[in-house]
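Only one structure is covered here, and it is reproduced in the block below.
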Amino acid sequence: MIVRRHFLASLVALSACRRAKRAGIARRVVSISASTTEALFAVGAGGLVVGRSKFCDHPKEALGLPVVGGFVDPSLEAVLALEPDLVVGARGPAGPGFSRTLEERGIATWFPETERIDDIFRMIEGIGARTGHAVDAGALVERLRSERATLVHEIAGRPKKRVLLLFSKKPITAAGPGSFPDEMLALAHATNVVASGAAYPTLSLEQIVAFDPDLVLDAEMGGGALPVPSTFSVVRAVAEGRVRRLTEESVLRPGPRVIDGARALVRAIHTA
């Protein structure tokens, strides 16, 4: 009787696996960006994740997974060793070559654009569809859309501040138009002083002085984040102490905590 039960259980598992394969549903996923790793866990597919990048630090359950390198330099050998049927990540420096190499080996890939908040919602829905969690993903996106609308309503009456958002001070790199951080500033009811040019431009100190922002947001992350140099004191906002450090990674991570990040940005901008 015990043998028969084990045999039947094996048949059921094999049948489910075959159905999943026919439906294109992944069962072993490697994620090489923090945003897609968070999305996988957020839609209930965390149990399918078999590998992550070294930057995937949320939720804490992800930390115990094997690391396959970085977002920029994932290791093909480490990924292949985990025998995934799907590799996901944000579109970025890894480039189409990495994806093409995996596809040639029969491994499905998905590297969606996530530079807009609506792109993030589509990414979450795509993660759900590829892992058999479409309903969960749809419910999550619906909740995030509702939270976004609530936030917009809550802060609509606050005065807009002109903000410079810095990622690096050597060289000076900022959020420019058309970028995800630029949209986050708009959602937080702020105006980006960098209104033209590249999405992530390198600026001169003279340009910053000319922009004359009401507030400088320092988003330089990691233990190597540098203090604002004394040379920046020629910027009026810096001289008057209107500099805020952003330390919550959700602020600039295009994933399922995007509205939490927007609320953190609102606090940094609108709290005296």
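The values are calculated or read from the model by the stated rules, or taken from the named source; none is laboratory data. The structure presented is a predicted model; accordingly, all values stated were derived computationally and were not measured. Quick reminder, even Gly has a Cβ in these numbers, built from the backbone with ideal geometry, and neighbours come from all protein chains shown.
Considering every residue within the range 98-116, establish whether at least one is under 27 Å from residue 187 (Cβ atoms), among the charged types (D, E, K, R) and touching a residue at least 60 places away in the same chain (Cβ under 8 Å). Within the range 98-116 (the criterion being under 27 Å from residue 187 (Cβ atoms), among the charged types (D, E, K, R) and touching a residue at least 60 places away in the same chain (Cβ under 8 Å)), the answer is yes, since at least one residue qualifies. Just one residue in the set 78, 42, 62 is touching a Cys at 6+ places or on another chain (Cβ under 9 Å) and among the hydrophobic types (A, V, I, L, M, F, W, C); that residue is 62. Across the range 144-159, not a single residue is classified as surrounded by 17 or more Cβ atoms within 10 Å (Cβ to Cβ) and either free of Cβ contacts under 8 Å to residues at least 60 places away in the same chain or touching an Asp or Glu at 6+ places or on another chain (Cβ under 7 Å) (or both). Can you tell me which residue among 237, 268, 219, 262 is over 25 Å from residue 91 (Cα atoms), within 21 Å of the chain's Cα centre (by Cα) and of a type in the set (Gly, Ala, Ser)? None of the others qualify; the one that does is 268. Here residue 212 meets each of (1) surrounded by fewer than 16 Cβ atoms within 10 Å (Cβ to Cβ); (2) assigned by TED's automatic domain parsing to the domain that holds residue 29 with one exception, condition (2).
Take the range 134-158 and flag every residue that is small (Gly, Ala, Ser) and assigned to a helix (DSSP H, G or I). Steps first, please.
Pass one, the range 134-158, residues small (Gly, Ala, Ser): 134, 137-139, 146, 149, 156-157.
Listed by number, the residues that qualify are 134, 137, 138, 139, 146, 149.
Give me a count of the residues in the range 47-64 that are more than 20 Å from residue 249 (Cα to Cα) and touching a residue at least 12 places away in the same chain (Cβ under 8 Å).
4
Contact map, the range 186-199: residues that are more than 17 Å from residue 115 (Cα to Cα) paired with residues that are surrounded by 23 or more Cβ atoms within 10 Å (Cβ to Cβ) and β-branched (Val, Ile, Thr), Cβ distance under 8 Å, separation 6+ or inter-chain. Pairs shown: 190/163; 191/163; 193/163. Condition check for residue 176 on (1) assigned to a strand (DSSP E or B); (2) at pLDDT 95 or above; (3) within 18 Å of the chain's Cα centre (by Cα): one failure, at (1).
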